[in-house]
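Beneath this line is the structure, given in structure tokens, with notes to follow.
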Amino acid sequence: MSEDLAFIPLNIAVLTVSDTRTEDNDTSGQTLVERLEEAGHKLAEKIIVPDNLYQIRAIVSKWVAEPYVQAVLTTGGTGLTGRDGTPEAISVLLDKEIEGFGELFRSISYAEIQTSTIQSRALSGVANGTIIFCVPGSSGACRTAWDKLIRFQLDHRTRPCNLVQMMPRMMEK
């Protein structure tokens, strides 16, 4: 990280996908909010939505259309059960997928949860210039994703490159 560069705070929205979580027990969403704010970013909005493909897609579509939201973090719905549909809801919105995020997340997670990491369908991509990260619904997975991957890619000072420095060029034609 290059400390001589000024930090650039982003407006980040957080979506918890769950049929059972409320603001009182949403530890995963709260973990992401705490981490992004500790890093110096701003919370644009936080919403909890049921495991419903169309509700997930509607909220993320709204955020992607809003110029003030620069990044979206979702937690939950990335597993293999019949109700897990976050990747299906989000993937159709993406202009470009960042395949390396899911690959690296699962690689890092292997050290923590061993072969159970294959059950994660974590993904990332860009939609309308907005960076989107979809991570599993456990607070441990949120900590792993933020602490070991996301925080560095959402920090302009990370070298040799990061997603923030690419943001002005993501809408090029």
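Nothing in this text is a laboratory measurement; each read-out follows from the coordinates by a stated rule. Since this is a predicted model, take the numbers as computed values, not measurements. Here the Cβ is made from the backbone with ideal geometry for all residues, glycine too, and neighbour counts use every protein chain on show.
Among 142, 134, a tally of other beta-carbon atoms within 10 Å of each Cβ gives an order, fewest to most, of 142, 134. Of all DSSP beta bridges confined to region 11-165, the antiparallel ones make up roughly 30%.
Report the net charge of residues surrounding residue 20, where surrounding means a beta-carbon distance below 14 angstrom and charges are Lys +1, Arg +1, Asp -1, Glu -1. Result for the local shell: -4. If only the Cβ of Lys and Arg carry +1 and only the Cβ of Asp and Glu carry -1, the dipole of region 11-165 around its Cα centre is close to 320 debye. Could you point to the residue in 28, 163, 56 farthest towards the positive end of region 11-165's charge dipole, with +1 and -1 charges on the Cβ of Lys/Arg and Asp/Glu respectively? So the residue furthest toward the plus end is 163.
Charge dipole (Cα centre; +1 on Lys/Arg Cβ, -1 on Asp/Glu Cβ; no other charges) of region 16-82 amounts to roughly 260 debye. In terms of surrounding Cβ atoms within a 10 Å radius of their Cβ, 73, 94 rank from fewest to most as 94, 73.
If you take the charge dipole of region 11-165 about its Cα centre, with +1 on Lys and Arg Cβ and -1 on Asp and Glu Cβ, which of 104, 132, 72 is farthest toward its positive end? Going by the charge dipole, the pick is 104.
With K and R counted +1 and D and E -1, the other residues having a Cβ less than 12 Å from that of residue 145 yield a net charge of +3.
Backbone geometry of region 104-113 corresponds, through the Karplus equation with coefficients 6.51, -1.76 and 1.60 at θ = phi - 60°, to 3J(HN,Hα) couplings of 5, 4, 5, 5, 5, 4, 4, 5, 9, 10 Hz, x marking Gly and Pro.
Which listed residue (123, 89, 154) has the Cα farthest towards the positive end of the charge dipole for region 11-165, taking +1 on Lys and Arg C-beta and -1 on Asp and Glu C-beta about the Cα centre? Positive-end residue among those listed: 154.
Of 132, 48, 59, the residue with the greatest mean-square motion in the GNM of the chain, using alpha carbon springs below 10 Å, is 59.
I'd like the distance separating the alpha-carbon centroids of region 112-143 and region 146-173, in whole Å. Cα centroid to Cα centroid, the span is 17 Å. Using C-alpha pairs below 8 Å separated by at least 6 residues, the relative contact order for the chain is 26 percent.
Across region 86-99, computed HN-Hα scalar couplings (Karplus, 6.51 cos²θ - 1.76 cosθ + 1.60, θ = phi - 60°) run 4, x, 5, 5, 8, 4, 6, 7, 6, 7, 9, 8, 9, 4 Hz from first to last residue, x flagging Gly and Pro.
Quick check on region 11-165: take the gyration tensor over C-alpha atoms, sort the square-rooted eigenvalues as a ≥ b ≥ c, and tell me if it's rounded (a/c under 1.5), prolate or oblate. Verdict is rounded for region 11-165. As a proxy for reagent exposure, ranking 166, 171 by other Cβ atoms within 10 Å from fewest up yields 171, 166.
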